[in-house]
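FYI, it's all coordinate maths here, none of it is from the lab. Computed from a predicted model, the values in this text were never measured in an experiment. Note that each Cβ is placed from the backbone with ideal geometry, even for glycine, and that neighbours are counted across all protein chains shown.
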Amino acid sequence: MKKFYYTLLALFFMLPACTKTDIVPFTPETDNQLLEYKIVNVQGSPIYGAINQQDSSITVYLPFYLQLITLEPEMKVSDGATVTPVSGTMIEDLLDLFHKGREIKYNVKGKDGKVKTYTLHVQVQQPDLILQEVSTDADNPNTYSLNMNLDFDSFSFGLDGAGFAADLDMIRVMLVDEQNKEYGPLNISTFNTTDLTRLDFTVIRYKEQSDPILAMLPAEGLYRIRVYSYAKVATTKNPIRINLLNKK
């Protein structure tokens with residue numbers, strides 16, 4: 001009897017030592033997720049985007065040497081879900097996307113009708129764009145003049161730097177006034193396309209075939225030079241002065 005009593009007592013003290021197991025209900029994955037995003041209009045393997053489900057973002061890293069101006073994405077979404085724009089919809093005019101920063105979004109609609117919106121970010125693995133000053137003295141800017149009364153007149157200048165795209169179609173150069181208003185683009189000389197450290201410009205007045213920028217510019221002004229080179233942009237700190245003599 002005493003042995004039975006001690007056995008019951010031992011079992012009583014062992015009960016608090018038992019661990020309680022909580023059953024946590026399984027939370028299924030939402031059915032409105034973007035599962036895969038890849039760029040397929042490239043040679044070789046596609047470029048996969050990094051999808052962040054927490055902040056609903058897609059980040060695509062583009063090698064600079066590709067210099068793509070359009071993207072063709074293919075996407076996979078949750079079973080039964082739909083995505084808008086649909087997979088395969090081309091992203092046009094990447095230069096405009098880089099320069100103006102327009103947003104590209106994808107809406108994934110699940111079977112239950114709930115929508116999750118993803119934002120695309122395109123990052124180009126491109127070297128920095130570096131510009132040397134045309135005017136070395138900000139208080140004494142280089143001056144370029146053109147007589148609008150003459151049938152023919154012109155002025156020229158060059159811009160040295162680094163990080164220019166090899167394809168001149170990927171470069172746009174603007175004059176920027178003191179109010180940050182842009183004029184242009186300037187015509188880039190094509191006489192020397194092998195020197196990737198210099199851009200040359202010539203503005204010409206020749207009767208009806210004058211450079212279009214002459215109609216845009218006021219008679220005189222101070223302008224910094226802004227260069228858009230594929231996904232990069234840089235602006236000189238010091239201005240140049242342009243005088244359009246006898247402009248009405």
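Of all DSSP beta bridges in the stretch 34-125, what percent run antiparallel (nearest 5)?
On the way: 19 of 26 bridges.
If we restrict to bridges inside the stretch 34-125, about 75 percent are antiparallel.
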Item to complete: Just report the Cα centroid separation between the stretch 205-236 and the stretch 152-174, whole Å.
Response: 10
Worksheet entry | Cα-based shape type of the stretch 34-125, given that a ≥ b ≥ c are square roots of the gyration tensor eigenvalues and the cut on a/c is 1.5 | prolate
Worksheet item: What ranking do 122-128, 106-112 get when scored by the average of other Cβ atoms within 10 Å per residue, highest first?
Response: 106-112, 122-128
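Going by the alpha-carbon gyration tensor, a ≥ b ≥ c the square roots of its eigenvalues, is the stretch 130-245 rounded (a/c under 1.5) or, if a/c is not under 1.5, prolate (a/b greater than b/c) versus oblate? Walk me through the numbers on the way to the answer.
Numbers: a/c = 1.78, a/b = 1.29, b/c = 1.38.
Cα axes put the stretch 130-245 in the oblate bin.
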Worksheet, complete the sentence: Residues other than residue 221 with Cβ under 15 Å of its Cβ, Lys/Arg counted +1 and Asp/Glu -1, net out at +1
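Does the stretch 188-245 come out rounded, prolate or oblate by the C-alpha gyration tensor, with a ≥ b ≥ c the root eigenvalues, rounded set by a/c under 1.5 and, if not, prolate when a/b is larger than b/c and oblate if not? Before the final figure, lay out the partial values.
On the way: a/c = 2.25, a/b = 1.30, b/c = 1.73.
Oblate, since a/c reaches 1.5 and b/c is not below a/b.
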Item to complete: Working from Cα positions, state the angle (0 to 90°, nearest 10) between the long axis of helix 2-14 and the longest principal axis of the chain.
Response: 10
Worksheet item: Just one of (1) 22.5; (2) 16.7; (3) 26.3 is mean projected area of the Cα convex hull in nm² calculated from these coordinates, so which is it?
Response: (3)
Worksheet item: For the chain, what is the charge dipole size about the Cα centre, in debye to the nearest 20, if Lys and Arg each add +1 at the Cβ and Asp and Glu each add -1 at the Cβ?
Response: 1300
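State to the nearest 20 debye the size of the charge dipole of the stretch 130-245 about its Cα centre, where the only charges are +1 on K and R beta carbons and -1 on D and E beta carbons.
Working: 10 positive and 16 negative charges, 47 e Å.
For the stretch 130-245, the charge dipole is close to 220 debye.
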